[in-house]
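In what follows, a single structure is set out as structure tokens and then discussed.
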Amino acid sequence: MGAVRRLPLSMLLAVLLVVAGAAGLVRGSIPSSAALSAAADGTAGPQQPIVVSGGYVREPANGVSAAAYFTLYNTTDSIDVLTAVDSGAGAQVSLHTDGMQHSAGLSIPPHGSVSLAPGKGHVMIEKLYGPLKPGQSVNFQLTFAQAGQLLLTVPVIAIGAPAPTPEAPR
Amino acid sequence: MSRLWSLWARLAALLLVAALAGCVSGSAGTPTASPSASELNDHAAGSGYSGLGLDPPQPRPQFTLTDTAGKTFRFGTQTAGKPTLLFFGYTTCPDVCPTTLADIANGLRGVPETVRKQTQVVFVTTDVKHDTAAVLKSYLAKFDPGLPNRFIGLRGTQSEVDAAQVAAHVTLAEDEGRTHSSEVLLYGSDDYARVAFLQSTNQAEQVAHDLPLVADTK
């Protein structure tokens, strides 16, 4: 496989500007912290209705599809539903739980959480735009029935390397 | 008592395998509060294995497929006497297959060198159309770096792959191989499988714990 492709910062900014109006998502070597703060991600503070933690994309072994995992915490008093997921890493994104494609959305109970983990569920990214290698980050746009849209940036974790541990919001 | 638990664990595991089997299917589903594999494995306590105890043990199966070099591979005879991990899956499986193969590799990295050198890992693809020899070879090479024995990738016609699954007593894959058993069978040096593994967060540790128990240490 080819070496990890890193976009120069200027090109990255240009790309960001170009896609910001359209998809608003780009896969590249964006430092996670910068992207998180810029995106007002769910991990920014306890006031967020939905907090996402422990997110990662597993480096794909097949080069054609990849799986993303994360834990969603609902900090509100009412149920929320993850209704759509888009990714900057591939053209086709779908939510799978219990080994099945999930078309109706994923419900997160009030003050509860839902974890996507190997064997339990994942976001499947197909028609990858390019190789996904450790060191890269992947952006996701999560759409919730109540909380609206949330931009999430997660690292690509190498095959066999330990996954990040989710942390519950305080 | 432990035998009873073992039987229950086995039955429950079969149900779980049937329910969990595979990575993708077309129909919608909702999350359920089914027991996790690690919970089931707790019930196998007393067998001495971290994985799921198989009682009665299953003999090493005889089936013939083709390896990634295009050569005929007779599983029963060519792996005989060696600890062997057998798993059925397909390369575009996004979730269970790559996680399981990575867990097997990490488990192998955690056992003594003498055990690691004896152990064979065999992956049989259930996607007979897409998984060519080249695809299978390139896929497995992502998991076995640094290990003394390369992972063996096997393929065949639909009837050959079906026959292999029947011989190994795993749930027959459906939907062009995309819905398949997630069970990893571990055959020992004595050519019997007394333990199997299901996807769980500590699968690598289970493999590392149980492999030395079934390897020939003489």
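Do we have B:THR114 as more than 17 Å from the chain's Cα centre (by Cα) and either charged (D, E, K, R) or more than 20 Å from A:ALA61 (Cα to Cα) (or both) here?
Answer is yes for this residue.
From the list A:SER103, A:SER87, A:SER33, A:SER37, which one is over 15 Å from A:PRO169 (Cα atoms) and either surrounded by 15 or more Cβ atoms within 10 Å (Cβ to Cβ) or at pLDDT 95 or above (or both)?
Working: A:SER103 fails: either surrounded by 15 or more Cβ atoms within 10 Å (Cβ to Cβ) or at pLDDT 95 or above (or both); A:SER33 fails: either surrounded by 15 or more Cβ atoms within 10 Å (Cβ to Cβ) or at pLDDT 95 or above (or both); A:SER37 fails: either surrounded by 15 or more Cβ atoms within 10 Å (Cβ to Cβ) or at pLDDT 95 or above (or both).
None of the others qualify; the one that does is A:SER87.
Within the set of pairs 6+ apart or on separate chains, which have a first residue in the stretch B:69-94 that is without any contact (Cβ under 8 Å) to a residue 24 or more places away in the chain, a second that is surrounded by fewer than 24 Cβ atoms within 10 Å (Cβ to Cβ) and small (Gly, Ala, Ser), and C-beta atoms under 9 Å apart?
Listed pairs, sorted by first residue: B:GLY76/B:ALA167.
Keeping to the stretch B:84-102, report how many residues are in contact with a Pro (Cβ under 9 Å, 6 or more places away or on another chain) and more than 8 Å from chain A (Cβ to nearest Cβ).
Total satisfying the criteria: 3.
Do you know which of the residues in the stretch A:118-151 that are under 30 Å from B:LEU101 (Cβ atoms) and surrounded by fewer than 18 Cβ atoms within 10 Å (Cβ to Cβ) is nearest to the other protein chains (Cβ to nearest Cβ)? Don't jump to the end; show me each part of the working.
Initially, the stretch A:118-151 is screened for residues under 30 Å from B:LEU101 (Cβ atoms), giving A:118-140, A:142.
Those left that are additionally surrounded by fewer than 18 Cβ atoms within 10 Å (Cβ to Cβ): A:126-127, A:129-131, A:133-135.
Values: A:GLU126: 8, A:LYS127: 12, A:TYR129: 16, A:GLY130: 17, A:PRO131: 12, A:LYS133: 12, A:PRO134: 12, A:GLY135: 16 Å.
Ranking the candidates gives A:GLU126 first.
Determine, yes or no, whether B:VAL122 is more than 14 Å from chain A (Cβ to nearest Cβ) and touching a strand residue (DSSP E or B) at 6+ places or on another chain (Cβ under 8 Å).
Answer is yes for this residue.
Please indicate, with yes or no, whether at least one residue in the stretch B:101-112 is touching a strand residue (DSSP E or B) at 6+ places or on another chain (Cβ under 6 Å) and in contact (Cβ under 8 Å) with a residue 60 or more places away in the chain.
Checked against the condition, which is being touching a strand residue (DSSP E or B) at 6+ places or on another chain (Cβ under 6 Å) and in contact (Cβ under 8 Å) with a residue 60 or more places away in the chain, the stretch B:101-112 yields at least one hit.
The values are calculated or read from the model by the stated rules, or taken from the named source; none is laboratory data. Everything numeric here is computed off the predicted structure, so don't read it as measured data. Note: ideal-geometry Cβ built from the backbone for every residue, glycine included; neighbour counts use all protein chains shown.
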